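Asker: For reference, the structure I am asking about is given below.
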Amino acid sequence: MAATGGGDLWISFVPLATSFSALLVSRNAKHLLVKNDMLREDDRRQEIVKITHHLMATISSLIDHVSYFKTTINEKNKPALVIADTVENIVLRYEVLLEREPYKFLPGTTVDLIGKMSGSILGIKAFASGVAILTSKTPLALLSSVMPANVTGPAKEAERLLGELENLYLKIRELRATLDENDLPVAGTNRPWYAL
């Protein structure tokens, strides 16, 4: 009689064990889904950090080159050849800002800032082309020999471009800073995504 009572007990544990197994599988599946979401978010954040740091370095370099261009134009004491080389570097760095990859993460206002710069870049490039033509036979001639003292357009254009670049740098930096500010708890926990 005792044997039959024990058998009935095991039979009643089968549905309980099945339910327990289903709960355990469900919990593990939920854990895996949350972990996958966290890994995707981490990958996205790492990509944004990589892109924003690259953009910040590029913009910083652009600021340096445009500042040098402006100083050279104002002082007019360097060979005209320097203008062509400097402007070529400015254009190359600006083209980095036009690459497609960053646009996945940049807000529209930041994209607009990059687009607005094209006019200034074009003006500086046209000026450098004019200087190159004027000094084609004597590329080592001082800029003062081909540029009248009262010409201020290129320096003003460079000053405007510097302002746009500094504004863009701040916008990219703000985007980068939002990654640190957005360390919100993951759903179902009270810990940020990186602390799980």
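The values are calculated or read from the model by the stated rules, or taken from the named source; none is laboratory data. Values in this document were obtained by computation on a predicted structure and should not be read as measured data. Please note: Cβ atoms are built from the backbone with ideal geometry, for glycine as well, and neighbour counts cover all protein chains shown.
Asker: Answer yes or no as to whether Leu62 is of a type in the set (A, V, I, L, M) and surrounded by fewer than 15 Cβ atoms within 10 Å (Cβ to Cβ).
Answerer: When the stated conditions are applied, Leu62 does not pass them.
Asker: Additional query: Is segment 129-152 home to any residue that is basic (Lys, Arg), within 28 Å of His54 (Cβ to Cβ) and out of contact with any Pro (no Cβ under 8 Å at 6 or more places or on another chain)?
Answerer: No, because not a single residue in segment 129-152 is basic (Lys, Arg), within 28 Å of His54 (Cβ to Cβ) and out of contact with any Pro (no Cβ under 8 Å at 6 or more places or on another chain).
Asker: Okay, moving on. Within segment 99-109, restricting attention to residues that are part of a helix (DSSP H, G or I) and touching a residue at least 40 places away in the same chain (Cβ under 8 Å), which residue is nearest to the chain's Cα centre (by Cα)?
Answerer: Checking each candidate, the answer is Pro102.
Asker: Test Ile73 against the criterion of being β-branched (Val, Ile, Thr) and at pLDDT below 90, and give yes or no.
Answerer: Considered against the rule, which asks whether it is β-branched (Val, Ile, Thr) and at pLDDT below 90, Ile73 comes out as no.
Asker: Out of the residues in segment 75-126 that are touching an Asp or Glu at 6+ places or on another chain (Cβ under 8 Å) and of a type outside the set (Ser, Thr, Tyr), state the one that is nearest to Val49 (Cα to Cα).
Answerer: It comes out as Phe105.
Asker: Among the residues of segment 10-29, write down those that are at pLDDT below 75 and aliphatic (A, V, I, L, M).
Answerer: Ile11, Val14, Leu16, Ala17
Asker: Still on this structure, I have one more. If only one of Val96, Val131, Val91 is part of a helix (DSSP H, G or I), closer than 28 Å to Asn150 by Cα and at pLDDT 90 or above, which one is it?
Answerer: Val91
Asker: Further, regarding this structure: Taking into account only those residues within segment 114-166 that are polar (S, T, N, Q) and exposed (fewer than 13 other Cβ atoms within 10 Å of the Cβ), which is farthest from Ala80 (Cα to Cα)?
Answerer: This residue is Ser118.
Asker: Filter segment 38-54 down to the residues that are in contact (Cβ under 8 Å) with a residue 12 or more places away in the chain, loosely packed, with under 15 Cβ neighbours inside 10 Å and over 14 Å from Glu174 (Cα atoms) and list them by number.
Answerer: Within segment 38-54, Glu41, Asp42, Glu47 meet the criteria.
Asker: Does segment 153-174 include one or more residues that are without any contact (Cβ under 8 Å) to a residue 12 or more places away in the chain and assigned to a loop (DSSP other than H, G, I, E, B)?
Answerer: no
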